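Presented below is the structure to which this report refers.
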Ligand code: FAD
């Protein structure tokens, strides 16, 4: 039996985690660490200055551990700068010649008027947005900038208390699904039997992400010597135990860790499904040797994934005619988009950066799994499918790989904690 085969009993996966552990720790984790250090994957463009769209009293943590170092333009590879409209515009205004056809409509561009093209662009934007599970930042905004993820690691920042709890509360209370009012008595008796599969999947994905964040901050905890004030970083086994032990969590801890494995398997499936697309990507940074090398690293990584049987079958979702699947899918999307917007309310820049990146990565995985459903991509568990209609921006590919990298790191860390607890 497998760890988390997706069926109506999704909340009670019974099988062992050993298979996932050995795939991850021996094969995927080392490869991913290697990939994520490369230029294409480590520069992430993000807007950390957006206002919180949901509430006003949004105080910001001023601790230096929450600070994010942003990149200077000179640190960026030329290829990434060239693809970026912000730098492209500044180049154009400096009188540099630009290739009008690069990455746009090519020949077609010359046959349509400016107005038509603007209308086309705006419709294209609208169309793309329909598929998205996340609000993407406006890349051309002056407030967006590049961050080197390798230089700003996700770790303990000290962000906690009412501000952090308000975020997690509003995610669970307002944006995870709830049983209908008339199902309330049944809900009290057993939530599993009332909530449909899709809604339970939604909760497990969010909870898995939450567990992953908790794992990182406990794995790279800050210890301060009370006498010398000297700071050191390392795993805090006691804190990990507090967050996941059945005794201190009313029995919830182990299920929360299982949810993390669940989220991992969903993202793994999305990457496997998008493999034909990802294998064709050029990973362009402007340095031919580097780009070829990264393409090979990704290829080897994807081939490793393809040898592992898929444990998540997305075709089981949004198919039950009694549950109005079209409406349900729209609700699923809109709840997830809300969660991505809540990330602009996180009061610590470092947490906001990684929160945005990980929700965007999960949103990209959902986009891969649930768009193109009527196309060839529908074939269940098929990694060879050619997802012709799939279109991913660089920011989505970077988010997807880094988000999966975070989950992969969590599984690695959980094993380290496990060995210390035994
Ligand atoms: P919290 O983690 O705040 O959890 C609140 C409540 O949610 C718990 O009491 C429990 O009832 C429930 N809960 C906990 N885990 C789960 C789960 N897996 N599934 C379902 N329910 C759960 N802090 C850092 O130090 N570094 C970071 O990088 C960082 N990033 C963050 C990113 C985001 C988006 C947010 C919202 C917070 C982040 N934080 C970060 C803060 C961190 O997540 C905790 O809020 C903080 O450490 C306080 O933890 P806590 O023990 O009070 O419980």
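Throughout, read-outs are computed from the coordinates displayed, never taken from laboratory work. Quick caveat: nothing in here was measured; it's all calculated off a predicted structure. Glycine gets a Cβ as well: all are built from the backbone with ideal geometry, and neighbour counts include every protein chain shown.
Once the chain from residue 155 to residue 323 is taken as fully extended at 0.36 nm per residue, the excess over their C-alpha distance is 56.4 nm. A crude spin-label estimate for the pair residue 237 and residue 416, with each label 7 Å from Cα along the Cβ direction, gives 1.4 nm. Counting every other Cβ atom within 10 Å of each residue's Cβ, 290, 173, 314 order from fewest to most as 173, 290, 314. Extending 7 Å from Cα along the Cβ direction at residue 292 and again at residue 63 yields two label points whose distance is 4.7 nm.
With a cut-off of 17 Å on the backbone N, the residues of segment 395-414 near the modelled label site 7 Å out from residue 131 along Cα-Cβ are 395-401. Potential lengthening of the chain between residue 222 and residue 27 amounts to 67.3 nm, from the contour at 0.36 nm per residue minus the alpha-carbon distance. Label sites at residue 315 and residue 248, each approximated as a point 7 angstrom past Cα along Cα to Cβ, lie 4.4 nm apart.
What does the highest-first list of 351-360, 334-343, 64-73 look like by mean Cβ count within 10 Å? Can you show the working numbers first?
Values: 351-360: 24.7, 334-343: 19.4, 64-73: 14.1.
Highest mean packing first, the order is 351-360, 334-343, 64-73.
Relative protection proxy for 131-137, 75-81, from highest mean packing down: 131-137, 75-81 (other beta-carbon atoms within 10 angstrom). Working ranking of peptides 400-409, 317-326 by packing, defined as the average number of other Cβ atoms within 10 Å per residue, highest first, is 400-409, 317-326.
Straightening the chain between residue 172 and residue 72 buys 32.3 nm, computed as 0.36 nm per residue apart minus the Cα-Cα spacing.
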